[in-house]
Every structure is written in structure tokens, then in C-alpha cells.
1. Considering only the range 65-74, state which residues are closer than 19 Å to Gly8 by Cβ and either of a type in the set (D, E, K, R) or part of a loop (DSSP other than H, G, I, E, B) (or both).
2. Gly33 passes all but one of (1) in a loop (DSSP other than H, G, I, E, B); (2) under 21 Å from Ile101 (Cβ atoms); which number fails?
3. Which of the residues belonging to the range 85-110 are of a type outside the set (A, V, I, L, M), open to solvent by less than 40 Å² (accessible area, probe 1.4 Å) and not in a loop (DSSP other than H, G, I, E, B)?
4. Among the residues of the range 1-26, which ones are of a type outside the set (S, T, N, Q) and assigned to a strand (DSSP E or B)?
5. Answer yes or no as to whether Thr56 is in contact with a Ser or Thr (Cβ under 9 Å, 6 or more places away or on another chain), more than 16 Å from Lys17 (Cα to Cα), without any contact (Cβ under 8 Å) to a residue 24 or more places away in the chain and surrounded by 13 or more Cβ atoms within 10 Å (Cβ to Cβ).
6. Working carefully through the options Val62, Val77, Val120, find the one that is surrounded by 13 or more Cβ atoms within 10 Å (Cβ to Cβ), in a loop (DSSP other than H, G, I, E, B) and β-branched (Val, Ile, Thr).
7. Among the residues of the range 7-28, write down those that are under 18 Å from Ala96 (Cα atoms), among the small types (Gly, Ala, Ser) and surrounded by 13 or more Cβ atoms within 10 Å (Cβ to Cβ).
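The values are calculated or read from the model by the stated rules, or taken from the named source; none is laboratory data. On a predicted model such as this, the values are computed, not experimentally measured, just so you know. Backbone-built Cβ (ideal geometry, glycine too); neighbour counts: all protein chains shown. In case anyone asks, the SASA skips ligands and DNA or RNA and just uses the protein heavy atoms, side chains included. Shrake-Rupley method; radii C 1.70, N 1.55, O 1.52, S 1.80 Å.
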Amino acid sequence: HLVESGGGLVQPGASLKLSCTASGRTFTAYSVGWFRQAPGKEREFVGAIKRYGGSTYYADSVKGRFTISRDTPKTTVYLQMNSLKPEDTALYYCAAGQGLITSSLGNGAAYDYWGQGTQVTVSS
């Protein structure tokens, strides 16, 4: 059971930091991905952090603007979003999975657990 938080309504160019926590668990054994889905569009991969080593990977559309990190106890994974654009507007989900190889990080079907999502709206 994953829970996302931190979404909201911001103006273009602003920043938001989303959080993803796992009830009663840590992410020690899980890679965590962030995905988003805008109205009328398919879900798309935003980025991910691998369970061991903490390597991060990003979609080209957010590279250089978004950063994924996690706290030391590995109870929370963050998505720092800077220089937000209207096209970043979407419902943002976090997902967790075990045993994901790098090439599968962008595949939502590879993840075992999902949150309910948090809405991010970028508008002037």
C-alpha cells in the first residue's frame, strides 16, 4: 500500500516535491518508479530509483528538471519537480517493485504495488 502526497496547483516555473511512502514498510528491497497520467492520455514513465545503489533514471521530458531521491531509512521516496510546465499537469503515481532490471523500470506492468496518485496542476 503506497501513499503519494505533495501535489497541488502551481504556476509555470514553480516547484513541487512529491512524497511516496509505504505503510509499515521500507523500500529497502524495492525499486520505486514515478508515473503520471494526464486526462485523455496514456500513463507515462517519469523516472525511477533502483533498490540497490540508488541509481536514478528519467524520461527525456523531465530530465534536468525532476529529481528522485529517498531518505536514509528508505521509508520515503521523493520526486522533486522544478521548472514545472503546463504539460506536466497530470495525476502522479508512485509504484514499487522487486527484482526490476534497468530496462524494465519504464514498464508499469513490472511493478507490484501502486499508490492512488496525487494531482499536479500547472497553470497560470
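1. Answer for the range 65-74, where residues must be closer than 19 Å to Gly8 by Cβ and either of a type in the set (D, E, K, R) or part of a loop (DSSP other than H, G, I, E, B) (or both): just Arg65.
2. (1)
3. Asp88, Tyr92, Cys94, Gly97, Ser104, Gly108
4. The answer is Leu2, Val3, Glu4, Gly8, Leu9, Val10, Leu16, Lys17, Leu18, Cys20, Ala22.
5. Working: in contact with a Ser or Thr (Cβ under 9 Å, 6 or more places away or on another chain): yes; more than 16 Å from Lys17 (Cα to Cα): yes; without any contact (Cβ under 8 Å) to a residue 24 or more places away in the chain: yes; surrounded by 13 or more Cβ atoms within 10 Å (Cβ to Cβ): yes.
Taking the combined requirement at face value, the residue satisfies it.
6. Unique residue meeting the criteria: Val62.
7. Ser19, Ala22
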